[in-house]
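Trainee: Sharing a structure here in structure tokens format.
The values are calculated or read from the model by the stated rules, or taken from the named source; none is laboratory data. Since the model is a prediction, treat every value here as computed from it, not as a measurement. Glycine gets a Cβ as well: all are built from the backbone with ideal geometry, and neighbour counts include every protein chain shown.
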Amino acid sequence: MPRFEDYVEQVRELWDSRWLTNRGPKHEELRRALAEKLDSPHAVLYANGHLALESLIDVFELSGEVITTPFTFASTTHALVRKGITPVFADILHDDYTLDPAQIEALITPKTSAIMPVHVYGTLADVDAIQAIADRHGLRVIYDAAHAFGVTRAGTSSASFGDASMFSFHATKVFHTIEGGAAFVKDERLVRPLLEDQNFGITGPESVHAVGGNAKMNEFSAIMGLLNLRDFDDEVARRAEAVTKYRERLTGVPGIYLVPEQTGIAANHAYMPVRFVADEFGTDRDTVFAALAADGIHARKYFYPLVSDFECYEGRFDRAATPVAREVATQVLTLPLYADLDADQVDRICDVILACERRAP
Ligand SMILES: *Cc1c(COP(=O)(O)O)cnc(C)c1O
């Protein structure tokens, strides 16, 4: 949270102007600031990340099948299905849980229109390999970059890979606007259709050009974003300290697997995923989860169950098609991670985890 007084001071301006939404001055200020921060000029802000993703699917006129990962939040898959598209799941890499490029090509059919990878936990997918496949087959690449705000590779922003990227600014994300999101597109000509898609297709006081929905970000959210953006680098730096401490305590423990640090990449430390392999650790993920909960520590089974196992998709997908994702979903926990988490708290969390070693469920 930003300083309360700073928020109130800016909200007072809204009381004076009575301009609460419809792309007011705060919205415009945030849009410009984000385009600069993410070093990518064509930004459209949204009421949330999910609607940004649906809007991108509309504007890129995706159809038929889209190759994507089942190891993600419900939103990625739901957006495709809600837009009448068949998600085709490719498996993930065993070490960093992003889409495995080697699995993609065999799944391409004449109906495939795009690849939708996820930079899961803020770990960049193999953008070069994925782009090469897309180029060979004339496919779009739309990234679910909900976790990857502020991540850069050799100075290149996570917003600039593929044809487009979606970011989520939900309250639980590393940068947030309470609820909110953004779409970044490479091609400037797509900005106007995105704006139409998120505001009823209205193009002027007497003209409605497209059958759009409503997904605009309001001024209160934009203010939250402006203040959090100011604090973002400090937030990431403080999270990095907690991550370093976690790594010191958990690296090398048999049966505990951490995502390797990506070389040449400035991370945002959005999450602290840890995988427990029961055969080696002697205790399974669920037992560790329960032990943490008993101590008042809220880890998350993020992501479990796998999207393809959701009850709403029963009978729809081949559950055996992505064995790596399926296994990882039963082994992974994301541990508490936020700027105020100090070294003593990380120690306490790790003490509880390590005390689980070889403990019967
Ligand atoms: C949070 C999230 C979304 C959805 O974003 P909202 O802003 O909550 O709508 C989509 N994909 C992933 C991977 C997410 O974590």
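Trainee: Could you please find all residues in the stretch 71-102 being among the polar types (S, T, N, Q), buried (at least 21 other Cβ atoms within 10 Å of the Cβ) and more than 10 Å from the ligand (Cβ to nearest atom)?
Mentor: If the condition is that a residue be among the polar types (S, T, N, Q), buried (at least 21 other Cβ atoms within 10 Å of the Cβ) and more than 10 Å from the ligand (Cβ to nearest atom), then Thr98 is the only one that fits.
Trainee: Sticking with this one: For the stretch 197-247, which positions are part of a helix (DSSP H, G or I) and in contact with a Gly (Cβ under 9 Å, 6 or more places away or on another chain)? Talk me through it step by step, then tell me what you get.
Mentor: Step one: list which residues in the stretch 197-247 are part of a helix (DSSP H, G or I), which gives 197, 219-247.
Scanning the stretch 197-247 gives Asp197, Glu219, Ser221, Ala222, Met224, Gly225, Phe232, Asp233, Val236.
Trainee: Still on this structure: Quick check on the stretch 280-289. Is at least one of its residues in contact with a Gly (Cβ under 9 Å, 6 or more places away or on another chain), within 23 Å of Leu93 (Cα to Cα) and among the charged types (D, E, K, R)?
Mentor: yes
Trainee: Are there any pairs with C-beta distances below 8 angstrom linking a residue in the stretch 47-71 that is at positive phi to a residue that is within 16 Å of the ligand (Cβ to nearest atom), with the two at least 6 apart or on different chains, and if so which?
Mentor: Pairs that qualify, where the first residue is at positive phi and the partner is within 16 Å of the ligand (Cβ to nearest atom), are Gly64/Ile85.
Trainee: To continue, here is another question. Among the listed residues Ala321, Ala266, Ala293, which satisfies the condition of being surrounded by fewer than 20 Cβ atoms within 10 Å (Cβ to Cβ), without any contact (Cβ under 8 Å) to a residue 12 or more places away in the chain and not charged (D, E, K, R)?
Mentor: On the way: Ala321 fails: without any contact (Cβ under 8 Å) to a residue 12 or more places away in the chain; Ala266 fails: without any contact (Cβ under 8 Å) to a residue 12 or more places away in the chain.
The match here is Ala293.
Trainee: With the checklist (1) charged (D, E, K, R); (2) in a helix (DSSP H, G or I); (3) free of Cβ contacts under 8 Å to residues at least 24 places away in the same chain in hand, flag the one item Glu261 doesn't pass.
Mentor: Going through (1) charged (D, E, K, R); (2) in a helix (DSSP H, G or I); (3) free of Cβ contacts under 8 Å to residues at least 24 places away in the same chain one by one, Glu261 breaks only (2).
Trainee: Do you know which of the residues in the stretch 121-138 that are in contact (Cβ under 8 Å) with a residue 60 or more places away in the chain and of a type outside the set (Phe, Trp, Tyr) is nearest to Asp234 (Cα to Cα)?
Mentor: Start the filter on the stretch 121-138 by keeping residues that are in contact (Cβ under 8 Å) with a residue 60 or more places away in the chain, which leaves 121-124.
Adding the requirement that they be of a type outside the set (Phe, Trp, Tyr) leaves 122-124.
Working: Gly122: 17, Thr123: 20, Leu124: 21 Å.
Among those residues, the one meeting the criterion is Gly122.
Trainee: Given (1) within 16 Å of the ligand (Cβ to nearest atom); (2) part of a helix (DSSP H, G or I), identify the lone condition not met by Ile178.
Mentor: The number of the failed condition is (2).
Trainee: Something else about it: Looking only at residues that are within 10 Å of the chain's Cα centre (by Cα) and assigned to a loop (DSSP other than H, G, I, E, B) in the stretch 122-169, which one is surrounded by the fewest Cβ atoms within 10 Å (Cβ to Cβ)?
Mentor: Result: His147.
Trainee: Pull up the stretch 153-174, narrow it to residues that are among the hydrophobic types (A, V, I, L, M, F, W, C) and free of Cβ contacts under 8 Å to residues at least 60 places away in the same chain, then point me to the one that is farthest from the ligand (Cβ to nearest atom).
Mentor: Phe161
Trainee: A further question follows. When you go through Val288, Val253, Val274 one by one, which is the residue that is within 27 Å of Phe175 (Cβ to Cβ) and either modelled with pLDDT of 95 or more or not acidic (Asp, Glu) (or both)?
Mentor: So the residue among Val288, Val253, Val274 that is within 27 Å of Phe175 (Cβ to Cβ) and either modelled with pLDDT of 95 or more or not acidic (Asp, Glu) (or both) is Val274.
Trainee: While we're on this one: Answer yes or no as to whether Asp279 is closer than 28 Å to Ala171 by Cα, surrounded by fewer than 15 Cβ atoms within 10 Å (Cβ to Cβ) and acidic (Asp, Glu).
Mentor: In short, no.
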